[in-house]
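Laboratory data are not the source of any read-out in this text; all were calculated from the coordinates shown. Here the structure is a predicted model, which is why all the values come from computation and not from measurement. Glycine also receives a Cβ, built like all others from the backbone with ideal geometry; neighbour counts cover every protein chain displayed.
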Amino acid sequence: MEDWTVLLDYYKEICNCQKCDLARSRTNFVFGSGSQNSKLIFIGEAPGYNEDIQGKPFVGAAGKLLDNLLNEIGMSRNEVFIANVLKCRPPENRDPRKEEIELCRGYLFRQIEIIDPELICTLGRHSTSLILNTEQPISKLRGNKFIVDGRTVLPIFHPAAALYTASNLQVIKSDFQRIKKILRGEEEEEATPVLEKEPVSFVDIKEKENDPGQLGLF
Ligand code: URA
């Protein structure tokens, strides 16, 4: 039977988070969903209207597309883990704010540590900037592989960007074929470290966040 206990305990620990104002406007804290033993994590931006109501990530139109893309490579959402940069919906689906990301990212990093995936697939610019610690545009980064803390990171377009733009849909479909190859160990292409700064280590961030002195709180 699948072991869910560590992730479930972590959910119970953080689901009443009040660290930022989004706690006041949310309907649900959207922890993420899928398998604790997954080799693959997708990271989106933040819950939208449907996700906030249902408490699950990617359940609207972009989520349906994500399901279809997974089906095309013979996978289902139960075999992967799906999370977001923010756990709570920003009002009117505005972009996440820098301070919200800073307060929330430790949760995502701990999820990554618990699940310990082989491949992290960042969906769109917000999760890509966070994980790779870069301001470079997603159009430049997508489809390139990076290594962060020993894990492969593959930035791809956010499914929402492919909903109404046929060319983006083709690109995202071909990136899903890459996902399949990477997971099967069939990909020969080397990781491409083209960033201006080193990616922030998940471990460093967690350590800093467990030590409030380092965050300038005292
Ligand atoms: N878009 C996201 O980035 N995340 C969701 O959960 C839904 C839509």
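Tabulated data
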| read-out | value |
| --- | --- |
| Subset of region 30-59 (residues that are assigned to a loop (DSSP other than H, G, I, E, B) and more than 10 Å from the ligand (Cβ to nearest atom)) | Phe31, Ser35, Gln36, Asn37, Ser38, Lys39, Gly55 |
| Number of the exception - Ala62 against (1) among the small types (Gly, Ala, Ser); (2) more than 13 Å from the ligand (Cβ to nearest atom); (3) over 12 Å from the mean Cα position of the chain (by Cα) | (2) |
| In region 126-161, the residues that are farther than 15 Å from Ile179 by Cα, β-branched (Val, Ile, Thr) and either in contact (Cβ under 8 Å) with a residue 60 or more places away in the chain or touching a Phe, Trp or Tyr at 6+ places or on another chain (Cβ under 8 Å) (or both) | Ile131, Thr134, Ile138, Val148 |
